[in-house]
1. Measure off 7 Å from each Cα along the Cα-to-Cβ vector at B:Phe570 and B:Asp247, then give the distance between these two points in nanometres to one decimal.
2. Distances over 13 Å make up what percent of all Cα-Cα pairs in the range B:408-459?
3. Relative to the longest principal axis of the C-alpha atoms of chain B, give the angle of the C-alpha long axis of helix B:384-396, reported between 0 and 90° and rounded to the nearest 10°.
4. May I ask you to compute the full-extension gain from B:Asp83 to B:Leu208, defined as 0.36 nm times their residue separation minus their alpha-carbon distance, rounded to one decimal in nm?
5. May I have the pair-distance distribution P(r) for the range B:523-584, computed from all Cα-Cα distances with 10 Å bins from 0 and rounded to whole percent?
6. Between the range B:97-113 and the range B:174-193, what's the alpha-carbon centroid distance in Å?
7. Which distance in nm do the two modelled labels at B:Val517 and B:Lys428 give, with both placed 7 Å along the Cα-to-Cβ direction?
8. With N set to the residue count of the range B:323-423, report its C-alpha Rg divided by 2.2 N^0.38 Å to two decimal places.
Amino acid sequence: MDKLNIMIVGVGGQGTLLASRILGTIAFKMNYDVKVSEVHGMSQRGGSVVTYIKYGTKIYSPLIEKGEADIILAFEKLEALRWTEYLNNDGMMIINEQEIAPMPIITGTAKYPSDIINIIKQKYKNIFTLDALKIAKQCGNLKAVNIVLLGVMAAKTAIAKQIWDEAIRETVPAKVLNVNIEAFNAGYQAI
Amino acid sequence: MKRLMLGNEAAARGAYEAGATVAAAYPGTPSTEITEYMAKYDEVYAEWSPNEKVALEVAIGGSLGGARSICSMKHVGLNVAADPLFTVSYTGVNGGLVLIVADDPGMHSSQNEQDSRHYARAAKVPMLEPSDSQECLDYVKQAFEISESFDCPVIVRLSTRIAHSQSAVETGERADYKIKDYNKDFTKYVMMPAMARRRHIEVEKRMLALQDYSEKSNLNSIEWGNKKIGVITSGIAYQYAKDAFGDVSYLKIGMVYPIPEKLIAEFTSEVETLYVVEELEPFFEDYIKKIGIKVIGKEVLPLTGELSAQLIKEKILGVKQEVNEQLVENIPVRPPVMCPGCPHRGMHYVLNKLKLNVTGDIGCYTLGALPPTESMDTCICMGASIGTAHGMEKARGSEFAQKTVAVIGDSTFIHSGITGLIDVVYNKGNSTVLILDNSITAMTGHQPNPTTGYTIKGEVTKQIDLVKLANATGVERVRVADPFDIKEFERIVKEEIAAAEPSVIISKSPCALSKDVKFEGALKINQEKCKRCKRCLALGCPAIVNKGDFVEIDEALCVGCMLCTQVCSFQAFEDIAEKAGAKNG
Ligand SMILES: Cc1ncc(C[n+]2csc(CCOP(=O)(O)OP(=O)(O)O)c2C)c(N)n1
């Protein structure tokens, strides 16, 4: 692998920043040049959020643009749909089936699109879906959705599991480490 | 050792390694983390100041007192701090003085996208601009050196993609910086006309010396490649240009002011076609054109928003990336929302219900301007709500004032709302001002402020008494209201707008994200009791979901603030018998 472009998309507050930190640490451990570009501030209040993680021999722009993502981790279904244009044709998308209604849907001016997963699957081959919220709940912490999804990604990519393990231990706060290790393993075995 | 670091963390590290001991700031995305990281160093005194002007004045004091001092802010913060900036440019410094300003092209979290480079030129202050985290560290260190060598403040300009991107950084040791002696010298530090006239001459001499420095500085560098194309660029635009053009020749400008004129001429003479790639304003471009060099820039690149590698390729090289179509048209947008349990929600619901005119301000509560609450008519800059309400009253009369309220957060009120309130009292206005006291600066990620009771370092301190403060300005009607008690809140608002004198309502309830706020846990809707009237949707709560035929609670989002139970006439909102044990864990 000479380069890898990963995007994390979701809803502000879903823990996308922690996931991007772990992915950044992994790239670093594998001696890649790496850039991680995050969104702080306003959109963290329930808005649509995106993080870019780029590994390679030399990274200039921290952004991933349309058609350039190798992997997209989608923390929410509508956000998966919103960002599909960014996936390259052979790219992989891991989608949490959770639905979070944005305000236009709550106020009734828009409808949550139906059949999102099938629509995406018709166009792209490498699509994996799961109910990460349910798995996180079973592990004892609704907030561990992010780590469940990383578990799935770990199972679907060639990066050694030990590196994942180290990166999580270095990044996750000690008091929630056990729940998160459990969530990671549950994700790893989910699909 | 190399580490992955956010640009903001690296900038703080640079100040630390330079031996800085004073750091002052007012929060603002994307600059906030710089000072949060400064506060983690035991050797550094760090503070959240009430606003950017005070922050810069504290840093100036630090510098004149002999310490290396740093002050950070977002781009619009520099408008607030512009007054001290323009004159500290005249006095110069004692210990090094560095000001970091973070621009927000694309307006990820801002009300405008002004380009701070104009300030460097207007205030005659040098400005550096790093292009990744390593340079954030290195440039801040170098900025302290420049500040002391040339006796001036130095601005380091960041942008969102630099401040909020992580890349590898090699850290170093902290310098053993000895605090400088304090020298009284009124000819240098007391800017009255006679002294200031002399200092202005010094400033102009300094600019020439800095110009010379810029020509030779390692901060500006040429990377020779294919000479058919030459690109002059800086900061994040350099990174986009490298991806877009590949092997061409680059003049990377790290010292954006003063601009290295001779170096530009030398570079230009060797390339066939010259482009300037810069975000926002044609700052380099105007300058280069002024010295008679032909260059292509903003006639093809946009003046608005961020650049990107694909955009540059398309606009300059005419190469358009093939991309897949959106799979579905009109995907519903997802604007930010007030959190479940947010104390601002009840207040917005009441303002909307009463159909008031609302002059607004900046903070989480600004989100109430969007549907469904739509209860804010204006938002200009921090502190503007009160003056704006007063001006409207003077334009339209007291009847209009009795249907108008100003809405302002606690941090914003302290920042620059107090003076507006004083104006209302002094100039015989009748405005009703709602101060939304959640006792924290929430929008920028929970920084403590004078209403919070502790400092950036977590030390307990005095908590400002907003009631007494409002009384002291001359407002006699000051009420405290609970925004989770909708009926009572509505009653108080009605009484206060009717009063023919100024009044202040303090809407008091802590931010839902504060550690000590505990709600009961998620509710559910009893579908048999629910009459589908959908009145609860007027709250704009992200946890109450419109399913078309029915309404449902998103258990993963609902915290159980109980606001919905007050707007429902059918008692349809109920406790979930078994509460999910791990919630909020
Ligand atoms: C001059 C200026 N400085 C900083 C900011 C960034 N900013 C936006 S809102 C805000 C503070 C909001 O705090 P508060 O008024 O307490 O409202 P809350 O978000 O807590 O509801 C800040 C610092 C800005 N927009 N303008």
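1. 7.2
2. On the way: 801 of 1326 pairs.
Of all Cα-Cα pairs in the range B:408-459, 60 percent lie more than 13 Å apart.
3. 70
4. On the way: separation 125, 0.36 × 125 = 45.00 nm, distance 2.36 nm.
Contour length minus Cα-Cα distance gives 42.6 nm.
5. In order of increasing distance, the bins hold 22, 60, 17, 1 percent.
6. 29
7. It works out to 4.2 nm between the two label points.
8. Working: Rg = 16.5 Å, N = 101, 2.2 N^0.38 = 12.7 Å.
Rounded to two decimals, the normalised Rg is 1.30.
Taken together, the values in this text are just the output of simple stated rules run on the coordinates, not laboratory data. What you are looking at is a predicted structure, and each value in this text was computed from that prediction instead of being measured. Because the Cβ atoms are built from the backbone with ideal geometry, glycine has one as well, and the counts that use them run over all protein chains shown.
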